[in-house]
Each structure stands twice: as C-alpha cells, then as structure tokens.
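Below you'll find the structure, written out as structure tokens, and then a few comments.
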Amino acid sequence: MTTTSASLSTSDLRSAKPRTLRDIAWQQFRHHQMAMFGSAILGILILGTIFVSVLSPYSPTDSSLRERRDPPSLIHPMGTDTLGRDLMTRVFYGGRISLTIGLGATLVGVLIGVFIGAMAGFYGGKTDEILMRLTDLFLSLPRIFLLIIMAILLREVDVPILKANGDMGGIILILGLLSWTSVARLVRGQFLSLKEKEFVESARAVGDTNARIIFRHILPNTATPVIVAATLLVARNIISESGLSFLGFGVQPPTPTWGNMLNAAQDEMRKGNWWMAFFPGLMIFLTVISINYIGDGLRDALDPRKMR
C-alpha cells in the first residue's frame, strides 16, 4: 500500500506541469483582493463606455426642454442636464473620451520616456548628462501652467488629427509630452544596473550591435517596472485631462468628458442639482482608484522576490 502511494506520488510529480513566471504572477495578482476589485470596477466602466449605445436609448446630443434638470429616475438613472440631455449617456460617452486620452497620453509618454531613459543609461557620459538635465528641466516646470499654455497654443495649430473630437488628439499629445519624466528616470536606473551584467558582456563578445543589445537584451528586462509605472500614469493622465477640461482648456464641448461636465455643473450645484456634478466626479474617482489598485497588484505580482 505504501509502495503504491509512493509510486502514485512520483508519477503525479512527473506529470505535473511546471509553473511558469506568468502562472506565478497571475496567482499573486489573484490573491490581491483590492487589485481584483479594481479590475472588476474598471472592467464594468470600460464595458459601459463601449456598449453605451446598447445600454441607453439616448444620444449624448439628444436634448428635451421639457426634461431639463430632471433628478435621477427610472427613465434617466443619472438625471438630465441643463439642456435635458440624459446624463448617464453623456457620462459613459465622456468616459470613452477620458479613458482614450489617458491611455493614449500614457503610450506617448512611455515611448518617449523609454527612449530617453535607455539612451541616457546605456551610453552614459555626455549623453546621460544632457538627457537628465532635460528631464530635470521638465520636472522643475509647473505642470498645470505648462498644460494650459500648450493647450492655448494648440488652438492656433490647424492640424485635423489634433482637432478631432474637441481637440482630443492635441490633448493626448500635450499630456504625453509632459508625462515621460518618471519613466525616463526609471528606465535609466534599470539600464545603469543591467548594462554591466554578464549577459550583456556575452552579447558584446559575439558582436551584437548597440541597438540590438538595447532593444533585444536590456529593454525586455525593464518591462516589469515600466508596466507598473505606466498603469499608474494612466490614472494621472485621466486626472490631468479632467482638471484641464474643468478649467476650460481641455476637450471642448459639445464633446463630453468628465472634466468639462464638471465645469458645466458648477452653477447647478448652487441650485441644488447635485447629480450633474456627482456622477461625473464619481466616475473619475472610481476609475482612478481602480487603476491605482491594479497598479499595486501588478507591483506585488511582478516582484521578483515573490516569484521564487
């Protein structure tokens, strides 16, 4: 009996599939309760923005003077605005714009930051000095002031792709150009550490070019911290876009975003029409906190010390 149990255990061990790093990371992420909660909330919000035309019979531009400033009801779950437009429809359409800007600006910022950080960390010397002083310059400038100035200058540029959807393309570009500094510093630190490793010396010994060493050997090893930083950068860019639109310098009406909906609701709050500001503000809060929880979960799940 004992022999049989031992042989079964041995065969089970031999047939068991070894766990990959991806399996370990997913297991760590699944056990992070707040990260899973954030993923569920963010997933619901994203699905709502994608399928808003199915969920709501209204258009974001449909107005009805008879239904102006209606409070939340079964017909209008989030109420209506000053023009009688269904607020739920506009909130989810606005979420589509805000999330697109957050993701697009993060992509631009990560690409710039990875390139500058890689060049500074790999080549060092004068290259590192110039690029890091440029990074320090961007870090020392007041972000909101730069955002406003660049948004004003954008209005003078007649480029169709930047003007589409109420200047959405231009806002993505502006936020991306101002959100690369943290990624650049992170990637530079990783490159300074990794370029002295044995696998890089081996690549040099077999005649690999600098470009191949950077993009094939070192850069993939910096992916984990960059992914975590990019996740948190999405939340930061959504807040920046909302703030810029709230001040009137972001995406322009009638294209809805959470920021310009809050801007339009300022006077209505004094009149007791709380729902016009509450629901866009709630969406910003839920989105940002969900992304931050996901970022925390990814940081723990991709920690090499927990994968051993």
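Rule-based calculations on the coordinates, nothing more; no lab input. All of these numbers come straight from a predicted model, not from anything done at the bench. For neighbour counting, all protein chains shown are included, and Cβ atoms are generated from backbone atoms with ideal geometry for every residue, glycine included.
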Given the peptides 66-75, 34-43, arrange them by the average over their residues of other C-beta atoms within 10 Å, most packed first. 34-43, 66-75
For segment 69-82, in residue order, the Karplus 3J(HN,Hα) values (coefficients 6.51, -1.76, 1.60; θ = phi - 60°; whole Hz; Gly and Pro = x) are 6, 6, x, x, 8, 5, 6, 10, x, 10, x, 10, 9, 5
Check: in the chain the Lys pairs 8 or more apart or on separate chains whose Cα atoms fall under 28 Å apart number 5
Amide H contacts under 5 Å for S179, placed H, 5+ residues apart: none
Rounded to the nearest 500 deg cm²/dmol, what is the calculated helix-only ellipticity per residue at 222 nm for the chain, with -39500 (n - 2.57) per DSSP H run of length n ≥ 4? -23000 deg cm²/dmol
Would you grab the residues whose amide H sits under 5 Å from the one on L247? Only those 5+ places off in sequence or on another chain, please, with H modelled 1.01 Å from N. none
Taking H as built 1.01 Å from N, whose amide H comes closer than 5 Å to the amide H of T80, not counting residues under 5 places away? R69, D70, L87
Each residue of segment 281-291 in turn: what ³J(HN,Hα) in whole Hz from Karplus with 6.51, -1.76, 1.60 and θ = phi - 60°, glycine and Pro shown as x? x, 4, 5, 4, 4, 5, 5, 5, 5, 5, 5
Restricting attention to segment 196-252, which trypsin sites (Lys or Arg not before Pro) occupy a DSSP loop and are surrounded by at most 15 other Cβ atoms within 10 Å? K197
Looking at the square roots a ≥ b ≥ c of the eigenvalues of the Cα gyration tensor of the chain, which shape do they give, rounded for a/c under 1.5, prolate if a/b is larger than b/c, or oblate? oblate
Find the relative contact order for the chain and round it to a whole percent, using C-alpha pairs within less than 8 Å whose residues are 6+ positions apart. 26 percent
With labels modelled as points extended 7 Å from the Cα through the Cβ direction, what inter-label distance (nm, one decimal) is found for T127 paired with S140? 2.5 nm
If you count, for each residue, the other Cβ atoms within 10 Å and average over each peptide, how do 58-65, 257-264 line up from highest to lowest? 257-264, 58-65
Mind pulling the angle between the C-alpha long axis of helix 223-246 and the longest principal axis of the chain? Nearest 10 degrees, somewhere in 0 to 90. 10 degrees
Which order do the peptides 170-176, 103-109 take when ranked by the mean count of other beta-carbon atoms within 10 Å per residue, highest first? 170-176, 103-109
Sequence order, segment 138-154: Karplus ³J(HN,Hα) from phi using 6.51 cos²θ - 1.76 cosθ + 1.60, θ = phi - 60°, Hz rounded, Gly and Pro as x, gives 5, 5, 7, 7, x, 5, 5, 5, 5, 4, 5, 4, 5, 5, 5, 5, 4
State whether segment 151-308 is rounded, prolate or oblate according to the following rule on the C-alpha gyration tensor (a ≥ b ≥ c being the square roots of its eigenvalues): a/c under 1.5 gives rounded; otherwise a/b larger than b/c gives prolate, and the remaining case gives oblate. oblate
Length released on extending from M36 to I50, taking residue separation times 0.36 nm less the Cα-Cα span: 3.0 nm
Just report the Cα centroid separation between segment 58-133 and segment 268-305, whole Å. 13 Å
Can you sort H31, H76 so the residue with the fewest Cβ neighbours within 10 Å comes first? H31, H76
